[in-house]
1. Being small (Gly, Ala, Ser) and farther than 20 Å from Arg295 by Cβ is the filter here; which residues of region 310-344 pass it?
2. Just checking, which of Val120, Val93, Val102, Val164 is of a type outside the set (Gly, Ala, Ser), more than 16 Å from Pro36 (Cα to Cα) and in contact with a strand residue (DSSP E or B) (Cβ under 8 Å, 6 or more places away or on another chain)?
3. Can you tell me which of Glu145, Glu121 is without any contact (Cβ under 8 Å) to a residue 24 or more places away in the chain and of a type in the set (D, E, K, R)?
4. Hey, among Val178, Val169, Val164, Val136, which residue is within 22 Å of Tyr246 (Cβ to Cβ), open to solvent by less than 20 Å² (accessible area, probe 1.4 Å) and in contact with a Gly (Cβ under 6 Å, 6 or more places away or on another chain)?
5. Just for helices (runs of 4 or more DSSP H) wholly inside region 126-230: which have at least 1 residues that are more than 30 Å from Val60 (Cα to Cα)?
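The values are calculated or read from the model by the stated rules, or taken from the named source; none is laboratory data. Given the structure is predicted, the values throughout are model-derived calculations rather than measurements. Every residue, glycine among them, receives a Cβ derived from its backbone with ideal geometry; neighbour counts consider all protein chains shown. These accessible areas exclude ligands, DNA and RNA; they are computed on the full protein's heavy atoms, side chains included. Shrake-Rupley method; radii C 1.70, N 1.55, O 1.52, S 1.80 Å.
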Amino acid sequence: MEALAVRLSHLDTEAGGAIRVVMFYDTLMRRRVDLPALARASANLAGCVTGIRLHGPGRVIRYSPDGGQAADPPSPASTTAPITLDDEEIGTVWLERAAPPVLLDELLLDRLAIAAAAVVERYGPASTTMADPALVELAISPGSEEAARARALRLLGFAADLPVRVAAVRSQLPLDQVGGLICPSRPVKAAPLGGVGVILATTVDQSRFPADVQAGIGAAASPCTSWQQARTALRYSTPRRPVIHYDDLGALALLAEIPPDVARGNADVAAIARMAGTPEDLETLDAYCATGSLRQAADLLHLHHSSIARRLEQIGKALAIDLTEPAGLTRARIALTAWRLLDA
């Protein structure tokens, strides 16, 4: 880069100087340099400290004319220019010239900004799993315009032709750890949003979620739709079934659309709510609804089947439901699910 700068410096100072700058950045872009190399070469050409900042990841790169990283604190910028990609400002470039700006500073920064945008579009974000929550929200929000959503996904590292699946997660483990486990070899990004962990991935291996993590997984449709489905599926998760795929809910997903006041006013749901004060009965009913079998429920709870039978008889009387009949079991399952959704 230094040799190129010396060779171009022999051109005439005004018209030739502008050509020199344009040729300089054309060469850098053909060589597909990264952002640090771009800032370092620009500082050498400008003869002063040059900086690049990306708004999303908050990354700042500053180099001195000697090729080393500039020392902190930074000096006031003498000239600045925005980095734009698809009409969106994604960052800033600047010069820290001690003297007043020179004639070609604006042109230099204009070309630097264009080159920086090309680098961002080519290489995308860093390979870390954790992402800027603002970008993630833009990618999954129902209020985002499609063009803005596409830009956010690209900046997060997702190719336009790849489907993106969204998972809503509640976990004590770091989100990047969970994301790396469920999607170990393909693009995955994670960020906390509104008290829930959001994981965006091209594929999700449902079997690889760690223990004690509750998650809902949306279908691989629009990220906006997938996020809504993932949040709905998360509401259905329980310690017994910690990971729920929205597609597996089927018609049960309709229960999430019932207004809370309507659900609370239902006699079966109200009876379940009264039973919540007796955890032992609630656990027995949950095991029976999950298995549909008295003996399997007994095995699940490590109790004798006769004990489960007695409990279920008392529970059935309290609910006014015959749990031995298929219709009664269906009522209990729906009521138990609807009651859980009120707290979820």
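1. Ala318, Ala320, Ala327, Ala335, Ala338, Ala344
2. Val164 is the lone residue from the list that is of a type outside the set (Gly, Ala, Ser), more than 16 Å from Pro36 (Cα to Cα) and in contact with a strand residue (DSSP E or B) (Cβ under 8 Å, 6 or more places away or on another chain).
3. Going through Glu145, Glu121 in turn, the sole match is Glu145.
4. Val169
5. 175-182
So that you can scan it fast, the table gives a plain yes or no per residue for (1) among the hydrophobic types (A, V, I, L, M, F, W, C); (2) at pLDDT 85 or above; (3) under 21 Å from Val213 (Cα atoms):
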site	(1), (2), (3)
Thr129	no, no, yes
Ser144	no, yes, no
Arg149	no, yes, no
Gly157	no, no, no
Arg165	no, yes, yes
Arg170	no, yes, yes
Gly180	no, yes, yes
Leu193	yes, yes, yes
Gly197	no, yes, yes
